[in-house]
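I have placed the structure first, in the form of structure tokens, so that the comments after it can refer back to it.
The values are calculated or read from the model by the stated rules, or taken from the named source; none is laboratory data. The shown structure was predicted, so the numbers you read here are calculated from the model rather than taken from an experiment. Here the Cβ positions follow ideal geometry from the backbone for every residue, glycine too, while neighbour counts run over all protein chains shown.
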């Protein structure tokens, strides 16, 4: 399916002009932020934007409400903080990694160093700056938490020596030392075989054509089991629920302090990490952003509940997301965040995630099954039924 529209995924240098001002998306390969980097983002949101940090379904951070001077000042600050290592590649550094990797017993292999190595090598290949902004890499530590994200190129850990590389339906066993360059080779092959498509699944015969170019035979059945990462303690980590994935200044400040005194590293150990990862692998004192708009800190952190964050399972906000809605989006038919805050305490739950959308585009919807709440102007449709 060749695309005819322009790829308009926002970034830091390609800011989207929304109804409430400029929207900048900051890519965080692997989801990790040092305490210092999180503080830079917090202050930037306060001084240049609307004050909030929005977490995304790809474990990135967005700042809304930028004025005309905001994008240039923001890019300067991010460059100084090490969050913008390549101007050319800033919109294509889309790398997910299991956020609890290396922190609990469910992790078969710490994939954070692999994510850092992949990012470094990606930024070192000029041709890959042409990737679409929606092209996605994923590194699953074996637990299956990223099985539903539908990445273009993914590796799922088998053990501490190898994982299964997949582009869709079948897999190839690869050594961890080979994983980064094979993933990037697949991305380069995608650019060679595509027309105007944004994702491998959109290219006719894309998976087979790319594997043929790489000289690989996909003979491994994919493990399709999934695991949901919930709030609470997991080994050395504490997963924190952020209501609607939107951090206030007080909440961001609390997380900066938590990262400094009880943070989690950006990945340690492993052959890939030993090869060098741009100063991220092995780093301590930080947080990890998850694709479910939650945050991972160390288990010793206390006091986050006092600023409205949830640190135990069962919160009404766990698994609940929303698009920007009114007034931030001109296409939205309702202020979905206000309505979610008002209605979620009494909203019936059946174990699925819940996503509130201001229009039929359903921006920011989660992967996998979810309760679909869509504004229709004079109310909402819930899974297609008017309420």
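Picking from 271, 185, which residue would you name as being surrounded by fewer than 19 Cβ atoms within 10 Å (Cβ to Cβ) and at pLDDT below 95? Break it down into steps so the answer makes sense when it comes.
Details: 185 fails: at pLDDT below 95.
Being surrounded by fewer than 19 Cβ atoms within 10 Å (Cβ to Cβ) and at pLDDT below 95 holds for just one of 271, 185, which is 271.
Output the residues belonging to the range 126-138 that are free of Cβ contacts under 8 Å to residues at least 60 places away in the same chain and either within 14 Å of the chain's Cα centre (by Cα) or closer than 24 Å to residue 105 by Cα (or both). I'd like the intermediate steps shown before the answer.
Here is the first cut: in the range 126-138, the ones free of Cβ contacts under 8 Å to residues at least 60 places away in the same chain are 126, 129, 137-138.
Those that are free of Cβ contacts under 8 Å to residues at least 60 places away in the same chain and either within 14 Å of the chain's Cα centre (by Cα) or closer than 24 Å to residue 105 by Cα (or both): 137, 138.
Filter the range 169-182 down to the residues that are without any contact (Cβ under 8 Å) to a residue 24 or more places away in the chain, touching a strand residue (DSSP E or B) at 6+ places or on another chain (Cβ under 7 Å) and surrounded by fewer than 19 Cβ atoms within 10 Å (Cβ to Cβ) and list them by number. Break it down into steps so the answer makes sense when it comes.
To start, the set of residues in the range 169-182 that are without any contact (Cβ under 8 Å) to a residue 24 or more places away in the chain comprises 174-175, 178.
Then drop every residue that is not touching a strand residue (DSSP E or B) at 6+ places or on another chain (Cβ under 7 Å), which leaves 174-175.
Passing the criteria: only 175.
Would you mind finding the one in 233, 239 that is touching a residue at least 24 places away in the same chain (Cβ under 8 Å), within 30 Å of residue 307 (Cα to Cα) and surrounded by 18 or more Cβ atoms within 10 Å (Cβ to Cβ)? I'd like the intermediate steps shown before the answer.
Numbers: 233 fails: surrounded by 18 or more Cβ atoms within 10 Å (Cβ to Cβ).
It is 239.
Within the range 283-310, work out how many residues are under 28 Å from residue 114 (Cα atoms), part of a loop (DSSP other than H, G, I, E, B) and touching a residue at least 40 places away in the same chain (Cβ under 8 Å). Give the derivation first.
Of the range 283-310, the ones under 28 Å from residue 114 (Cα atoms) are 283-301.
Narrowing further to those that are part of a loop (DSSP other than H, G, I, E, B): 283-285, 290-293, 299-301.
Add one more test, that the residue is touching a residue at least 40 places away in the same chain (Cβ under 8 Å), and what stays is 283, 285, 290-293, 299, 301.
Looking only at that region, the number is 8.
Select from the range 183-214 the residues that are without any contact (Cβ under 8 Å) to a residue 24 or more places away in the chain and part of a helix (DSSP H, G or I) and list them in ascending order.
Of everything in the range 183-214, those that are without any contact (Cβ under 8 Å) to a residue 24 or more places away in the chain and part of a helix (DSSP H, G or I) turn out to be 192, 193, 208, 209, 212.
Within the range 304-319, which residues are touching a helix residue (DSSP H, G or I) at 6+ places or on another chain (Cβ under 7 Å) and within 26 Å of residue 34 (Cα to Cα)?
Quick first cut of the range 304-319, residues touching a helix residue (DSSP H, G or I) at 6+ places or on another chain (Cβ under 7 Å) only: 304, 307-309, 311, 316-317.
Scanning the range 304-319 gives 304, 307, 308, 309, 311, 317.
Might you check whether a residue that is surrounded by fewer than 20 Cβ atoms within 10 Å (Cβ to Cβ), modelled with pLDDT under 95, at positive phi and not assigned by TED's automatic domain parsing to the domain that holds residue 241 occurs anywhere in the range 354-363?
Taking every residue of the range 354-363 in turn, none turns out to be surrounded by fewer than 20 Cβ atoms within 10 Å (Cβ to Cβ), modelled with pLDDT under 95, at positive phi and not assigned by TED's automatic domain parsing to the domain that holds residue 241.
Among the strands (runs of 3 or more DSSP E) lying completely within the range 320-387, list those that include at least 1 residues that are within 22 Å of the chain's Cα centre (by Cα). Write out each step before concluding.
Numbers: elements: 320-322, 353-357, 370-375, 380-382.
Correct list: 320-322, 353-357, 370-375.
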